[in-house]
Amino acid sequence: MKKRNMLVSLGGNAILKHTEKGTAKEQFENVKKTSEYIVKLISEGYHITLTHGNGPQVGDILLAYDHAKEYLPPMPLDVCGAQTQGMIGYMFQLSLKNILKGIDKSVVTILTQTIINPEDPHLENPTKPIGPFYTAFEADQLRKEKGWTIKNDNGKGYRRLVPSPIPLGFVEEKCIKTLHDSGDLVIASGGGGIPVTLKDGKLQGIECVIDKDYAASLMATLVGAEILLILTDVEKISLYYSTPREVALDHLTKSQALKYLRKGHFPPGSMGPKVKSAIDFLEYGGKKVVVTSLESAYDALKGNTGTTIVND
Ligand code: ADP
Ligand code: MG
């Protein structure tokens, strides 16, 4: 049987739900459940590459450094991103290996550095809130001490904003591709990858955040995936989301997706990047994008639920 090549992008709640505290036990339990779904897809004949978000985990690490600042030097955001790739990658390597049992497949996490353009205009305009909330006084101090951009987050307190530039490629591209082609299950570009610039042959970590959906579509193109499966916490994409006029979508073509994106049905920071990355993936040779929840993934790939996006 020819294996179907698929990139699976896991949203936040595949690892940690909004209502949970984030204990290791909770995260391991979620990862185990997610891994069971992944292995079910592998047994169906899919060759999978995995990527995942890291928002809550990186938030916790920043909070921990903030509370421990009297005793420990805080690490910059790129280093915190690397920490989350390690911890989440480990949880998946352990869980997947336990569930794969008889299936002969190595599971390997590639600590991934995502290349961004040092001249990317997004770098001049921080938009993504991260880390703990501060008081107005603390915010003022941090602006002076560290040069951070800090803004009031919807009246909830002050939060650091970092830029979200566009990913251009991955430093570890070649080894990701080699491991993928040899049949291994590769976990890569977690949290969108660690943002780095490459200037005069020299890499430099940058304190910003790459949208994991954009990195996922780039990774899917790189490994030559036929399908991009985006798992999030809704079963389908909707028009007029969360209003009385809401209509769930079963099927979209690339041009319909673009039309609705332009009309503002998919907001930045949540559904917008998923639809945009779906369009990019189809543009660069991908065959099909499915957006659905973890629980519905199996049925959605058979076309029975979820939202499927294809070329016109
Ligand atoms: P993830 O962790 O999977 O990236 P996000 O919260 O970033 O999750 O994006 C998924 C969320 O997008 C959904 O939970 C839903 O609340 C929101 N959303 C916004 N617009 C839409 C839409 N048009 N259709 C479906 N969901 C939408
Ligand atoms: Mg998201």
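The values are calculated or read from the model by the stated rules, or taken from the named source; none is laboratory data. Fair warning: this is a prediction, and the values are worked out from it, not measured in the lab. Using ideal geometry, Cβ is built from the backbone for each residue, glycine included, and neighbour counts are taken over all protein chains shown. In case anyone asks, the SASA skips ligands and DNA or RNA and just uses the protein heavy atoms, side chains included. Shrake-Rupley method; radii C 1.70, N 1.55, O 1.52, S 1.80 Å.
Tabulated values for the structure
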| quantity | calculated |
| --- | --- |
| Residues that are free of Cβ contacts under 8 Å to residues at least 24 places away in the same chain and either within 15 Å of ligand 1 (Cβ to nearest atom) or buried (at least 23 other Cβ atoms within 10 Å of the Cβ) (or both), drawn from the stretch 22-55 | Asn30 |
| Matching entry among Ala220, Ala225, Ala215 (being surrounded by 19 or more Cβ atoms within 10 Å (Cβ to Cβ) and part of a loop (DSSP other than H, G, I, E, B)) | Ala225 |
| Hits in the stretch 91-132 (condition: of a type in the set (Asp, Glu), surrounded by fewer than 16 Cβ atoms within 10 Å (Cβ to Cβ) and part of a loop (DSSP other than H, G, I, E, B)) | Asp104, Glu119 |
| Some residue of the stretch 272-286 being farther than 16 Å from Ser9 by Cα, out of contact with any Pro (no Cβ under 7 Å at 6 or more places or on another chain) and surrounded by 14 or more Cβ atoms within 10 Å (Cβ to Cβ) | no |
| Residue tally, condition of a type outside the set (Val, Ile, Thr), within 30 Å of Pro126 (Cβ to Cβ) and within 12 Å of ligand 1 (Cβ to nearest atom), over the stretch 216-261 | 9 |
| Failed criterion for Leu261 (all others in (1) more than 18 Å from Gly192 (Cα to Cα); (2) within 16 Å of ligand 2 (Cβ to nearest atom); (3) open to solvent by 60 Å² or more (accessible area, probe 1.4 Å); (4) not in a loop (DSSP other than H, G, I, E, B) hold) | (3) |
| Some residue of the stretch 266-277 being of a type in the set (A, V, I, L, M), in a strand (DSSP E or B) and within 11 Å of ligand 1 (Cβ to nearest atom) | no |
| Test: Lys174 is among the basic types (Lys, Arg), open to solvent by 50 Å² or more (accessible area, probe 1.4 Å) and within 19 Å of Ala82 (Cβ to Cβ) | no |
| Residue pairs meeting the criteria (Cβ under 6 Å; at least 6 apart or on separate chains; first free of Cβ contacts under 8 Å to residues at least 40 places away in the same chain, in the stretch 5-21; second open to solvent by 10 Å² or more (accessible area, probe 1.4 Å) and acidic (Asp, Glu)) | Glu20/Glu26 |
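Quick grid of which residues meet (1) in contact (Cβ under 8 Å) with a residue 60 or more places away in the chain; (2) in contact with a helix residue (DSSP H, G or I) (Cβ under 9 Å, 6 or more places away or on another chain); (3) of a type in the set (Val, Ile, Thr):
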| position | (1), (2), (3) |
| --- | --- |
| Leu229 | yes, yes, no |
| Arg245 | no, no, no |
| Ala257 | no, yes, no |
| Tyr260 | no, yes, no |
| Gly285 | yes, yes, no |
